[in-house]
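Participant: Would you mind keeping the following structure in view while I ask a few things?
Throughout, read-outs are computed from the coordinates displayed, never taken from laboratory work. These numbers were taken from a predicted model, which means no experiment stands behind them. Positions of Cβ are generated from backbone atoms using ideal geometry, with glycine treated the same way; all protein chains shown enter the neighbour counts.
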Amino acid sequence: MAKKTIVITGGAGFIGSHVVRLFVTKYPDYKIVNLDALTYAGNLENLKDIQDQPNYIFEKANIVDAEAVKAVFQKHNPDGVIHLAAESHVDRSITSPLDFVYTNVIGTVNLLNATKELWKDNYEGKRFHHVSTDEVYGALGDTGFFTEETSYDPHSPYSASKASSDHFVYAYADTYGLPVVLTNCSNNYGPNHFPEKLIPLMIHNIINNKPLPVYGDGKYTRDWLYVIDHARAIDLVFHEGKGSEKYNVGGFNEWKNIDLVKLLCQQMDEKLGREAGTSEQLITFVKDRPGHDLRYAIDATKINKELGWSPSVTFEEGLSKTIDWFLSNKEWLENVTSGDYQNYYNKQYAE
Ligand code: NAD
Ligand code: DAU
């Protein structure tokens, strides 16, 4: 394996920390630079098992600050960038859309500029991998899948900002020849998931016997993928994906929210030694998310056929591992749910 320096942005976040761990442990000859601003969603605790590895470096920097990004790039001279830093929560994008424009759009353009400037048209062995979402495709009805050819039709401020960032990445490939590759993934779940998102929020509330807020009628559908399988897909596409192409990543694993919450309740009642049916009584239907997309479902045939990727764990296994992780990391959960989180939670779930 050739020596490489790779900047991974957002490496202290949920998915980013799993990508950093995979690269640090699988590629000891690479230097892995984790560039992260440590927002409310970034947490170096997520990486404490690998923080002392000789091939790992952390750089605190905000991608909205073009000079700060440039300084990190000049200092480390990366051959590759894997860009995960983002504002990632749809509900927060509905209350604070501009934060999403700054980080997801302007931050991405700052990274593209820094990369273009550093590589100066010498693109041999170089690659910018942009990590994106299936939400750029909009919403599906009861049938069908998003393929790589599906037109963009974002609805939330979050998905609009991610769609915009995807377009900028293509624009830099088309205009300046920047060597790029993109992945658009479905909903992730697993260890270190911040408890503003459905699965970790429900786990946290079940542990604490708090109401389980299901938006609308609970019939909204998402396609769930274990986070380590997403990290494996990023590794494959970064190394073997065709230049300027995009790959959809998903689990072929659709769940209506209400069925998923009931499954979580069943698994947690068993693990917590509670009588069957106890946690389901906490389910509370609450006001719907504005502009709520009915259904996402990814067709992951391309990455499967071209690169041989497929999910490695079933949903039942992945969910069970995830619950076990949260039950054995109660201190992590307590740390991330104190302070600001309480204010966010009280405002978001006021009704
Ligand atoms: P996250 O919110 O858990 O983590 C985001 C990370 O980015 C944090 O470490 C945060 O500190 C950092 N960050 C935020 N703003 C920054 C800034 N201005 N400068 C530098 N760092 C900043 O997000 P996640 O769920 O791990 O998602 C990571 C990426 O994957 C995002 O680009 C997201 O759009 C994409 N994605 C997420 C999912 C999912 O289900 N979570 C699915 C598909 C794609
Ligand atoms: O599809 C990929 C996307 O998945 C990523 O790009 C986003 O970064 C990630 O946050 C996720 O977006 P969603 O909006 O699908 O995830 P979230 O966990 O917020 O919600 C999942 C579903 O559960 C959605 O239909 C809304 C619903 N929900 C969510 C919360 C937080 C509830 O019913 N109650 C809740 O309290």
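Participant: At q = 0.10 Å⁻¹, what base-10 log of I(q)/I(0) does the Debye formula yield for the chain when every alpha carbon is treated as an equal point scatterer in vacuo?
Facilitator: Log-scaled intensity ratios, in q order: -0.58.
Participant: Enumerate by residue number the GluC sites (Glu not before Pro) in region 114-192 meeting two conditions: DSSP loop (anything except H, G, I, E, B), and at most 11 other Cβ atoms within 10 Å of the site's Cβ.
Facilitator: Here the sparse-neighbourhood loop sites are 124, 149.
Participant: Only bridges with both residues in the chain count here: give the DSSP antiparallel percent, nearest 5.
Facilitator: 10 percent
Participant: So, one more: Mind listing which GluC sites (Glu not before Pro) in region 262-348 are in a DSSP loop and have 11 or fewer other Cβ atoms within 10 Å? Write down the numbers at each step before the final one.
Facilitator: Working: sites: 270, 275, 280, 306, 316, 317, 331, 334; in loops: 275.
Answer in residue order: 275.
Participant: So, one more: Apply the a/c threshold of 1.5 to the C-alpha gyration tensor of region 29-130 and tell me whether it is rounded, prolate or oblate.
Facilitator: The shape class here is oblate.
Participant: A follow-up question, please. Just how large is the dipole of region 221-351 about the Cα centre, in debye to the nearest 20, putting +1 at every Lys and Arg Cβ and -1 at every Asp and Glu Cβ?
Facilitator: On the way: 16 positive and 22 negative charges, 61 e Å.
Rounded to the nearest 20 debye, it is 300 debye.
Participant: Still on this structure, please answer the following. Gaussian network model of the chain, Cα springs within a sub-10 Å range: biggest mean-square fluctuation belongs to which of 321, 162, 75?
Facilitator: Highest fluctuation of the listed residues: 75.
Participant: Rounding to the nearest 10 and keeping the result within 0 to 90°, find how far the Cα-based axis of helix 198-207 lies from the longest principal axis of the chain.
Facilitator: Tilt relative to the chain: about 40 degrees.
Participant: For region 51-62, just list the computed ³J(HN,Hα) in residue order, Karplus coefficients 6.51, -1.76 and 1.60, θ = phi - 60°, integers in Hz, with x standing in for Gly and Pro.
Facilitator: 4, 9, 5, x, 9, 10, 9, 9, 10, 7, 7, 9
Participant: For the chain, with only Lys/Arg (+1) and Asp/Glu (-1) charged at the beta-carbon, what is the dipole magnitude about the Cα centre, in debye rounded to 20? Before the final figure, lay out each step's value.
Facilitator: Details: 34 positive and 47 negative charges, 114 e Å.
Around 540 debye, computed over the chain.
Participant: Which values, in whole Å and largest first, are the semi-axes of the equivalent ellipsoid of region 140-236 obtained as the square root of 5 times each eigenvalue of the Cα gyration tensor?
Facilitator: 31, 17, 13
Participant: Show the residues, 5+ positions off or on another chain, whose built amide H is closer than 5 Å to the amide H of residue 215.
Facilitator: Those qualifying (amide H under 5 Å, at least 5 residues apart or on another chain) are 286.
Participant: Answer rounded, prolate or oblate for region 86-166, using the Cα gyration tensor with square roots of eigenvalues a ≥ b ≥ c: rounded when a/c is under 1.5, else prolate when a/b is larger than b/c, else oblate.
Facilitator: Note, shape of region 86-166 comes out oblate.
Participant: Using +1 at the Cβ of each Lys and Arg and -1 at the Cβ of each Asp and Glu in the chain, identify which of 115, 12, 298 lies farthest towards the dipole's positive end.
Facilitator: The listed residue farthest towards the positive side: 115.
Participant: Can you tell me the 0 to 90 degree angle between the C-alpha axis of helix 107-119 and the longest principal axis of the chain, rounded to 10?
Facilitator: Between the helix axis and the principal axis of the chain, the angle is about 30 degrees.
Participant: Amide H to amide H, which residues 5 or more places from residue 82 or on other chains are under 5 Å from it, using H placed in the peptide plane?
Facilitator: 7, 8, 9, 129
Participant: Leaving out same-chain residues fewer than 8 places away, which lysines sit with a Cα under 21 Å from that of residue 162?
Facilitator: 116, 197, 246
Participant: I've got another one for you. Between rounded, prolate and oblate, where does region 282-339 land on the alpha carbon gyration tensor, with a ≥ b ≥ c its root eigenvalues, rounded for a/c under 1.5, else prolate if a/b exceeds b/c?
Facilitator: Oblate, since a/c reaches 1.5 and b/c is not below a/b.
Participant: How large is the dipole of region 108-206 about the Cα centre if only Lys and Arg carry +1 and Asp and Glu carry -1, each at its Cβ, rounded to the nearest 20 debye?
Facilitator: Result for region 108-206 is approximately 380 debye, rounded to the nearest 20.
Participant: Quick one: plug the Kirkwood hydrodynamic radius of region 208-309 (C-alpha pairs) into Stokes-Einstein at 10 °C, 1.306 mPa s, and report D in µm²/s.
Facilitator: Here the translational diffusion coefficient equals 99 µm²/s.
Participant: So which aspartates and glutamates can residue 210 reach, going by Cα to Cα under 12 Å and dropping same-chain residues fewer than 8 places off?
Facilitator: Excluding near neighbours in sequence, the set is 280.
Participant: While we're looking at this one, here's another question. For the chain, what does the helix formula give at 222 nm: sum of -39500 (n - 2.57) over DSSP H segments with n ≥ 4, over the residue count, nearest 500 deg cm²/dmol?
Facilitator: Per the formula, -12500 deg cm²/dmol.
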